[in-house]
Amino acid sequence: MAAIDTDHFRELLLAERKRVAAAIDNLHADHPGSMSEETGEDAVYDNHLADTATETYDRELDYTLEENAEHVLADIDAALKRIEDGTYGICTNRGEQIPAERLEARPYATLCIDCQREQEGR
């Protein structure tokens, strides 16, 4: 197998990191404080129950998206460290090189596609 162009993947990872960090910043801008702070302490109780439920659902969805984005940031940072360590692109399960096509799709992947499918139970 040909050697992986780590410079190319470093650039992909840095671009993805920038995009994910911007998404997190956007989520923070959408909800800078608690629901009471955003709507006014009494407004939460004055709203119709369905309106409050919608606000709560939207807030929980954003928290979930933020948590997922933070996990992706951690995965990206770990991949950048693997580039520095010289272990980038190696399947952590089999110890074989992950195909470049897989890394193009998910540059922070730690498993080859077969191991990923095994792990997911497919």
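Here are the numbers for the structure shown:
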item: Segment 108-120 - phi-based ³J(HN,Hα) in whole Hz, Karplus 6.51/-1.76/1.60, Gly and Pro as x; result: 9, 4, 10, 10, 5, 4, 5, 5, 5, 5, 4, 4, 7
item: Nitroxide proxy distance, nm - points 7 Å out along Cα→Cβ at L27 and T87; result: 2.8 nm
item: Contour minus Cα-Cα distance for L49 and L61 (0.36 nm per residue); result: 2.5 nm
item: For I90, distant residues with modelled amide H under 5 Å away; result: I98
item: Sites R117 and N68, calculated FRET efficiency, Cβ-Cβ separation with R0 25 Å, nearest 0.05; result: 0.75
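Bear in mind that the values in this text are calculations on the coordinates, not laboratory data. Predicted model only: the values in this text are computed from it and were never measured. Cβ sites come from the backbone with ideal geometry, for glycine too, and all protein chains shown count toward neighbours.
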